[in-house]
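Novice: One structure is given below, represented as structure tokens, and several questions about it will come after.
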Amino acid sequence: MATRIGVDIGGTFTDLVYYDDETGETVEGKVPTVPHAPEEGVVNAVKGHVPREVIEKAEFFLHGTTVGLNALLERRGAKVGLITTEGFRDVLEIRRGDRAEMYNLFWKQPEPLVPRHRRLEVVERIKADGSVYRPLDEASVAPALAALVAEGVDTIAVCLINAYANPAHELRVEELLRAGGFTGGISLSHKISGEYREYERTSTTVIDAFVRARMSNYLKRLDGRLRELGFKGTSLITRSGSGSMTFAEAEDRPFETIMSGPVAGAQGASEVAQMLGIEALITADVGGTSFDAALILNGQPQVLYEGTIDNMPIQTPWVDVRSIGSGGGSIAHIDVGGLMRVGPRSAGAAPGPACYGKGGTEPAMTDAAGYLGMLGPGKLASGITLDFEKARAAIEPVAAAIRQDVETTAIGILRIASSSMANAMREVSVEQGLDPRTMTLLPFGGAGPLMATLLADELKMNRIVVPPLAGNFSAWGLLGADMVQSAARTRIMDLSPESIETVNAVLRDLFADIATRGDHLSRETVKTARIDLRYKGQEHWLSIEVPLDGETVAESAEGVRAAFTAEYLRSFGGTMTEAVEIVSIRATVRAPLPRRNQTLKPPEVSTEAEESVLAYSFGCRKRMPFRVVPRSAIVEPLQGPAIVTESTATLYLDADWTASTGDRGELVLVRSEAN
């Protein structure tokens with residue numbers, strides 16, 4: 001075991017959980033996010049909730065953040081120049097020639113991160129098999145550099161055609177750029193992505209260059225502040241594909257941290273699924289600004305090998321988390337057609353919902369929930385006591401605009417928000433051929449338990465598990481983020497005994513490359529490998545995990561083919577007779593962190609006097625008395641309606657649900673038999 005501190009930054013709150021391995025104690029804390037300086041929110045959380053002696057002895061600080069993601073969405077990153085092969089200057093704008101919104105006549109593709117006048121060409125050409133078709137004309141590099149320096153670029157992305165197969169020309173271009181006096185950052189595509197598809201690889205390389213400086217500066221500032229507080233351990237940040245990496249590696253590979261924040265919750269959910277033996281689980285992470293949904297099957301989050309941010313592809317392992325702008329701070333407003341909408345605009349941390357009393361005047365989802373009594377007495381984390389009169393005053397203008405009373409409008413706000421969230425959950429379940437009615441819902445985040453029964457009603461789900469530390473669950477998930485490094489390389493060839501030998505050679509190279517990246521080799525590691533396979537003539541592939549003997553495949557070509565066929569049958573309901581071909585080889589090295597105690601906060605009898613509030617029941621469609629019960633007091637099954645309180649979240653238990661405490665401290669909600 002090891003003492004560790006986890007901090008997750010959200011749009012409204014910064015959440016902390018620390019685990020003390022000497023006492024077995026798990027402590028949570030929540031403070032407002034500082035949007036203009038997110039590291040200050042982290043420092044405030046650590047200083048406010050972790051004793052200095054614990055900070056000094058902590059072995060790991062684990063972090064989840066959206067700094068890189070926000071840099072992309074807000075287009076606030078480095079000034080990037082791109083050097084590419086002659087004839088490929090416009091790859092970023094040509095894209096794939098498709099439309100993200102096929103039937104939207106007014107849709108426009110986003111502007112590329114690098115405008116055309118900063119995209120320059122050099123003379124060279126590598127073939128797909130790695131052979132040199134046209135040697136690098138070194139004289140063509142100097143004018144490209146001069147033009148980019150004249151433009152004042154901060155960093156240069158170098159993406160030459162087929163560099164994944166032979167990086168020699170990219171390496172030489174880097175040498176020439178340095179020899180020419182360029183001191184800024186340089187991102188080489190073959191180091192960023194070893195996979196084919198020029199547009200996707202170019203996009204990934206440019207994204208890396210764009211966020212590199214901002215992420216690096218942020219991590220350096222944060223690490224410096226942590227050291228000032230007395231932290232002497234290892235600082236880690238979560239990767240988009242789950243697991244974690246050191247701050248130093250994240251500075252070198254910032255594109256792998258784009259989805260750092262949302263992944264932490266999925267990571268924690270996979271641990272809960274393994275602990276409780278849940279085969280199929282859908283997460284519902286409801287924060288102040290956004291809603292995230294992920295699917296956990298057989299204890300594992302679903303990992304993709306390419307993601308998209310603002311219609312820009314990025315080639316990196318990517319936990320399949322679907323995010324929308326819907327959370328506790330989402331603003332209810334009237335659109336141009338006179339209809340009420342909720343989100344994606346959010347009240348954020350400042351001024352926050354009107355009921356926070358910090359100057360907000362627009363009605364947020366939290367205002368509607370507070371007015372309906374769903375938040376009980378309204379005493380939240382960070383010392384916030386909700387002002388329900390301000391919530392009513394904020395809702396009134398919207399109610400007048402749609403000619404409804406305040407209560408009906410508040411009910412509508414919650415219904416619209418839950419419908420939007422449920423649609424995101426359908427994307428990871430129904431749209432993949434899976435039935436959410438047979439699954440378990442895992443709600444977390446500050447407003448996750450608040451929305452749990454509404455979401456279950458939307459999807460006809462009958463079982464909900466509310467994890468311990470629900471309000472800070474993403475921060476808890478960080479504490480189990482093993483150190484992970486991965487690499488991939490495209491090698492298109494027929495699947496055969498001979499090609500398995502080529503796969504083994506590539507795997508040895510990939511594992512050797514991973515070994516140069518970080519300090520994970522000082523720990524015991526686990527190596528795994530996957531092969532991307534498809535039938536000949538197909539465009540897309542399935543990724544199949546293969547057993548290893550050391551660093552080589554411990555399976556015959558026929559065995560690999562059988563595994564692919566079985567997965568293809570499961571995914572598509574049939575198979576084909578064409579030959580199978582290999583597309584890419586993937587290697588992963590995992591250095592597990594010491595395990596922590598996973599039995600959190602066992603229930604204990606509460607001495608608090610029980611309260612009651614008049615709240616709206618969505619099941620009964622009327623206001624009725626709701627018991628206000630501390631979570632720690634639930635020893636016997638609790639029949640709704642009730643409001644269950646804990647330090648960082650509030651559970652709304654509607655009349656047709658019953659809650660009981662499980663062996664690991666989780667709350668299990670099931671529909672009442674009568675309903």
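The values are calculated or read from the model by the stated rules, or taken from the named source; none is laboratory data. Everything quoted here is computed from the prediction, not taken from an experiment. Using ideal geometry, Cβ is built from the backbone for each residue, glycine included, and neighbour counts are taken over all protein chains shown.
Novice: Do you know which residues across segment 383-398 are crowded, with 20+ Cβ neighbours inside 10 Å and over 35 Å from the mean Cα position of the chain (by Cα)?
Specialist: none
Novice: If you go through segment 200-238, how many residues are part of a helix (DSSP H, G or I), of a type outside the set (S, T, N, Q) and surrounded by fewer than 20 Cβ atoms within 10 Å (Cβ to Cβ)?
Specialist: 8
Novice: Could you say whether any residue in segment 266-282 is assigned to a loop (DSSP other than H, G, I, E, B) and either aliphatic (A, V, I, L, M) or at pLDDT below 90 (or both)?
Specialist: Checked segment 266-282: at least one residue is assigned to a loop (DSSP other than H, G, I, E, B) and either aliphatic (A, V, I, L, M) or at pLDDT below 90 (or both).
Novice: Taking only segment 490-520 into account, find how many residues are among the hydrophobic types (A, V, I, L, M, F, W, C) and either modelled with pLDDT under 90 or crowded, with 18+ Cβ neighbours inside 10 Å (or both). Break it down into steps so the answer makes sense when it comes.
Specialist: Of all residues in segment 490-520, those among the hydrophobic types (A, V, I, L, M, F, W, C) come to 492-493, 495, 500, 503, 505-507, 510-512, 514-515.
Narrowing the set further to residues that are either modelled with pLDDT under 90 or crowded, with 18+ Cβ neighbours inside 10 Å (or both) leaves 495, 500, 503, 506-507, 510-511, 514-515.
The number of residues fulfilling the criteria is 9.
Novice: Continuing with the same structure: So is I334 outside the structural domain of R201 (by TED's automatic domain parsing), in contact (Cβ under 8 Å) with a residue 24 or more places away in the chain and either crowded, with 18+ Cβ neighbours inside 10 Å or within 17 Å of T66 (Cα to Cα) (or both) or not?
Specialist: In short, no.
Novice: Pull up segment 344-376, narrow it to residues that are in a helix (DSSP H, G or I) and of a type in the set (A, V, I, L, M, F, W, C), then point me to the one that is nearest to L73 (Cα to Cα).
Specialist: Restricting to residues being in a helix (DSSP H, G or I) and of a type in the set (A, V, I, L, M, F, W, C), the top hit is M365.
Novice: Scanning for something within 19 Å of P112 (Cα to Cα) and hydroxyl-bearing (S, T, Y), does segment 205-220 turn up at least one residue? So that I can check it myself, show each step before the final result.
Specialist: Narrowing segment 205-220 to residues within 19 Å of P112 (Cα to Cα): 205-214.
Pick out the ones that are also hydroxyl-bearing (S, T, Y) and you get 205.
Yes, the conditions are met somewhere in segment 205-220.
Novice: On to the next question. Among the numbered conditions (1) in a helix (DSSP H, G or I); (2) modelled with pLDDT of 85 or more; (3) of a type outside the set (D, E, K, R), tell me where F88 comes up short.
Specialist: Of the numbered conditions (1) in a helix (DSSP H, G or I); (2) modelled with pLDDT of 85 or more; (3) of a type outside the set (D, E, K, R), the odd one out for F88 is (1).
Novice: Only one of (1) assigned by TED's automatic domain parsing to the domain that holds S187; (2) among the β-branched types (V, I, T); (3) in contact with a helix residue (DSSP H, G or I) (Cβ under 7 Å, 6 or more places away or on another chain) is not met by T65, so which one is it?
Specialist: Answer for T65: the failing condition is (1).
Novice: Restricting the first residue to segment 610-634 and requiring it to be over 16 Å from S647 (Cα atoms), which pairs with a second residue that is among the small types (G, A, S) and surrounded by fewer than 18 Cβ atoms within 10 Å (Cβ to Cβ) meet a Cβ separation below 9 Å and a spacing of at least six or different chains?
Specialist: As it stands, the answer is P625/S612; F626/S612; R627/S612, since those pairs meet every condition given.
Novice: Could you grab me the full set of residues in segment 426-450 that are within 20 Å of the chain's Cα centre (by Cα), within 21 Å of T650 (Cβ to Cβ) and in a helix (DSSP H, G or I)?
Specialist: G448, P449
Novice: Next question. Of all residues in segment 290-343, count the ones that are part of a strand (DSSP E or B) and of a type in the set (F, W, Y).
Specialist: Number of matching residues: 2.
Novice: If I go through segment 147-163 residue by residue, how many of them are of a type in the set (G, A, S) and part of a loop (DSSP other than H, G, I, E, B)?
Specialist: 2
Novice: Another one. List pairs: first residue in segment 536-559 and under 18 Å from V583 (Cβ atoms), second residue polar (S, T, N, Q) and not in a strand (DSSP E or B) anywhere in the structure, Cβ distance under 7 angstrom, at least six positions apart or on different chains.
Specialist: L542/S571; V553/N504; A557/S496
Table: residues versus (1) in contact with a helix residue (DSSP H, G or I) (Cβ under 7 Å, 6 or more places away or on another chain); (2) closer than 20 Å to P594 by Cα.
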| site | (1), (2) |
| --- | --- |
| T3 | yes, yes |
| D20 | yes, yes |
| A45 | no, no |
| P51 | no, no |
| A71 | yes, no |
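Novice: Among the candidates G261, G241, which residue alone is in contact (Cβ under 8 Å) with a residue 40 or more places away in the chain, surrounded by 24 or more Cβ atoms within 10 Å (Cβ to Cβ) and not hydrophobic (A, V, I, L, M, F, W, C)?
Specialist: After ruling out the rest, the residue left standing is G261.
Novice: Inspect all residues belonging to segment 652-672 and state whether any of them is farther than 22 Å from M461 by Cβ and either in contact with a His (Cβ under 9 Å, 6 or more places away or on another chain) or of a type outside the set (D, E) (or both).
Specialist: Within segment 652-672, not a single residue is farther than 22 Å from M461 by Cβ and either in contact with a His (Cβ under 9 Å, 6 or more places away or on another chain) or of a type outside the set (D, E) (or both).
Novice: Considering only segment 521-540, state which residues are surrounded by 18 or more Cβ atoms within 10 Å (Cβ to Cβ) and modelled with pLDDT of 90 or more. Talk me through it step by step, then tell me what you get.
Specialist: Going residue by residue through segment 521-540, those that are surrounded by 18 or more Cβ atoms within 10 Å (Cβ to Cβ) are 525, 529-534.
Selection gives A529, R530, I531, D532, L533, R534.
Novice: V173 fails exactly one of the following numbered conditions: (1) modelled with pLDDT of 95 or more; (2) touching an Asp or Glu at 6+ places or on another chain (Cβ under 7 Å); (3) surrounded by 20 or more Cβ atoms within 10 Å (Cβ to Cβ). What is the number of that condition?
Specialist: Result: V173 fails condition (2) only.
Novice: I would also like to ask the following. Going by the conditions given, is A487 under 30 Å from A165 (Cβ atoms) and surrounded by fewer than 22 Cβ atoms within 10 Å (Cβ to Cβ)?
Specialist: It is true that A487 is under 30 Å from A165 (Cβ atoms) and surrounded by fewer than 22 Cβ atoms within 10 Å (Cβ to Cβ).
Novice: Pairs needed: first member in segment 30-41, in contact (Cβ under 8 Å) with a residue 60 or more places away in the chain and in the same structural domain as I237 (by TED's automatic domain parsing); second member anywhere, among the aromatic types (F, W, Y) and crowded, with 17+ Cβ neighbours inside 10 Å; C-beta distance under 9 Å; at least 6 residues apart or different chains.
Specialist: From segment 30-41, the pairs are K30/F13; V31/F13; P32/F13; T33/F13; P38/Y218; E39/Y218.
Novice: Same structure again: Note down all Cβ pairs under 6 Å where the first residue falls in segment 398-410 and is in the same structural domain as G370 (by TED's automatic domain parsing) and part of a helix (DSSP H, G or I), the second is polar (S, T, N, Q) and buried (at least 21 other Cβ atoms within 10 Å of the Cβ), and they're at least six residues apart or on different chains.
Specialist: That search, which allows pairs on different chains as well, returns V398/T409; A399/T409.
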